[in-house]
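None of the figures in this text is laboratory data; all of them are computed from the coordinates on show. Because the structure is predicted, anything quoted here is derived from the model rather than measured. Please note: Cβ atoms are built from the backbone with ideal geometry, for glycine as well, and neighbour counts cover all protein chains shown.
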Amino acid sequence: MTAQIFAIIAPVFLIAAIGFAWARAKMPFDHNMVSALVLNVGAPCLLLSQLLTHPIRLDLMAEIIAAGVGVMSLSALGGILLVRALRLPVRAYLPVLIFPNVGNMGLPLCFFAFGDVGLALAVAYFAVVSLFQFSLGIGIASGRFGINLLLRNPVMWSLPLAMILLGTDTAVPAWIMNTLTIGGSFAIPLMLMSLGTSLATLSVRSLGRAMGFSVARIFGGFAVALAVTAALGLEGSARGAVLIQSSMPAAVFNYLFAVRYGNAASDVAGIVLTSTVLSFLTLPLLLAYVLGG
């Protein structure tokens, strides 16, 4: 079990460490370009290629989508209560409690833990979180809500497209599948590199607050996911993928949105960094529980 857990965690840490060292060496890395490339090309291609190559039942996909919505809804409810109890601005601190790092860390962990099937399940969960993060998340951070944000997100269209193709048993030409496979293959390495370079530029302020929110993000997400998976009756790799994705640290995009909309960016940076470091300690326990269960 120890060797299996190490084999899962090591690639994630090592590739992120390469990104960290890259940034420390002052090598060029365009975060805006990489983020746009992953979200607009890599992630949709990865989602389509994985779901079409390793199809999961439509009823199971619907349960994964329901799990994602359920986990984020309960996390949002608990987050609002916590943030208001602490008398902190909702726009700054609520997103870090709702939106975990399901891309940079969650996808590779599910892949190494459960193989291609686990990655397909994790990608479906990632799609749900992405849709909410780049619509509701931006709305919370900016104070403005608009359907255009959702409609401009390519993941918004790739998930239902995959479900239609699977539901109608449509044969996709080999040249399209090969294109999707190549287009999606760079997403995970780039996300891990981006995570490492981002961590190299963040700093921690208000350590006590950052640690408190980090504990709430990781352990709160795990507790909520336990309840949701039990309610939906999820088992095996589906349950494991939801538990892993829900227990990830705060997403780096929370920091980027805080910077863009002027929402206590230094505090959010501290939460992202602290929760990521904390997750390095909790991941072995999480994976031991998931794989052992």
TODO: Exactly one condition in (1) hydrophobic (A, V, I, L, M, F, W, C); (2) in contact (Cβ under 8 Å) with a residue 24 or more places away in the chain; (3) over 15 Å from VAL102 (Cα atoms) is not met by ALA230; state its number.
DONE: (2)
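Please go through the stretch 120-137 and pick out each residue that is of a type outside the set (Val, Ile, Thr) and surrounded by 23 or more Cβ atoms within 10 Å (Cβ to Cβ).
If we filter the stretch 120-137 for residues that are of a type outside the set (Val, Ile, Thr), which is where we start, we get 120-122, 124-127, 130-137.
Residues satisfying the conditions are ALA120, LEU121, ALA122, ALA124, TYR125, PHE126, ALA127, SER130, GLN133, GLY137.
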TODO: Please go through the stretch 256-272 and pick out each residue that is buried (at least 23 other Cβ atoms within 10 Å of the Cβ) and assigned to a helix (DSSP H, G or I).
DONE: PHE257, ALA258, VAL268, ALA269, GLY270, ILE271, VAL272
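With the requirement that a residue be of a type in the set (Val, Ile, Thr) and touching a Gly at 6+ places or on another chain (Cβ under 7 Å), what does the stretch 33-70 give you? Give the derivation first.
Narrowing the stretch 33-70 to residues of a type in the set (Val, Ile, Thr): 34, 38, 41, 53, 56, 64-65, 69.
Residue satisfying the conditions is VAL41 alone.
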- [ ] Can you tell me which residue within the stretch 138-175, out of those that are small (Gly, Ala, Ser) and touching a Phe, Trp or Tyr at 6+ places or on another chain (Cβ under 6 Å), is surrounded by the most Cβ atoms within 10 Å (Cβ to Cβ)?
- [x] ALA141
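Identify the residue in the stretch 1-36 that is assigned to a helix (DSSP H, G or I) and aromatic (Phe, Trp, Tyr) and, among all such residues, is surrounded by the fewest Cβ atoms within 10 Å (Cβ to Cβ).
Looking only at the stretch 1-36, we keep the residues that are assigned to a helix (DSSP H, G or I), and these are 2-24, 31-36.
Retained after the next criterion (residues that are aromatic (Phe, Trp, Tyr)): 6, 13, 20, 22.
Numbers: PHE6: 12, PHE13: 16, PHE20: 19, TRP22: 16.
The selected residue is PHE6.
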